[in-house]
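Structure first, commentary second.
The values are calculated or read from the model by the stated rules, or taken from the named source; none is laboratory data. For clarity, every value in this text was computed on a predicted model and none was experimentally measured. Virtual Cβ from ideal backbone geometry, glycine too; neighbours counted across all protein chains shown. These area figures cover heavy atoms from the full protein model, side chains too; ligands, DNA and RNA do not enter into them. Shrake-Rupley method; radii C 1.70, N 1.55, O 1.52, S 1.80 Å.
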Amino acid sequence: MATPTTFWRLAGMSYVQYVTRASSAVRNAAKEPAKSKLAANSKFSYNASVWEGGVQGKKVEIDVLSKAGI
Amino acid sequence: MTLNFNLPHETIYSEAKVSQVIVPGAAGEYGVTADHVPLVAQLKAGVLQIFHEDAGEPEKYFVAGGFSLTHANSVTDISCPEAVKLDDIDSSAVSSNFESAKNAYTSAEDGSAAQAEAQIDMEVNRAMGTAIGLNLN
């Protein structure tokens, strides 16, 4: 029996991935000047590092969800 | 009722007095006026309609998703990751993005993330098409 859930969950996506994709679809369909104004909203980046034994590891820049493991 | 409507990058309404909002809930569209029962709803990609006091036609936004919380004191908080006014939607972009997504869907492996992404693009573009009067299938 199929699990009662959404197609994106079944494909292994999280809600964050789903709503980020839906937001990009909306931005891609906008007219100018709204489209240029909203384009920057798709971008994000931060540095992540793993701490082990009280020592900070190498910083890695995360600018796509896949690099964050989400 | 009081409306707070926020996006991550912009506050559209803060403590605005409106007469009604029609919310695109994931489980169905519903209207909120003053004294509505408290309610938390996940939103689907669809049209949010804001009826201002003393105004005729509602102001319409297409929202990508998000959440709406209606509180016992007639305050409604709506938070969306992205929203555009219906007037800012490009109908030719919606049609062509829908067709690209449909092609990507049929050529992707069943149950794959790529197919799910194409399906999201199809569903959001189809909903935008419906909102602006296109019939995409």
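Candidates are the residues of region A:35-57 that are under 15 Å from the mean Cα position of the chain (by Cα) and either in a loop (DSSP other than H, G, I, E, B) or within 12 Å of another protein chain (Cβ to nearest Cβ) (or both); the one that is surrounded by the most Cβ atoms within 10 Å (Cβ to Cβ) is A:41. Can you name every residue in region B:55-90 that is within 10 Å of another protein chain (Cβ to nearest Cβ) and assigned to a loop (DSSP other than H, G, I, E, B)? Listed by number, the residues that qualify are B:64, B:65, B:80, B:81, B:82, B:90. In region B:119-133, of all residues being assigned to a helix (DSSP H, G or I), surrounded by fewer than 21 Cβ atoms within 10 Å (Cβ to Cβ) and not acidic (Asp, Glu), the one that is nearest to the other protein chains (Cβ to nearest Cβ) corresponds to B:119.
Return the residue satisfying two criteria in turn: it lies in region A:1-34 and is open to solvent by 60 Å² or more (accessible area, probe 1.4 Å) and aliphatic (A, V, I, L, M), and of such residues it is modelled with the lowest pLDDT. Residue satisfying both the conditions and the ranking: A:1. All conditions in (1) farther than 22 Å from residue A:15 by Cα; (2) modelled with pLDDT of 95 or more; (3) not in a helix (DSSP H, G or I) hold for residue B:93, with the sole exception of (3).
Among the residues of region B:99-113, some residue qualifies, meaning at least one is surrounded by fewer than 15 Cβ atoms within 10 Å (Cβ to Cβ), facing chain A (nearest Cβ under 8 Å), modelled with pLDDT under 95 and over 12 Å from the mean Cα position of the chain (by Cα).
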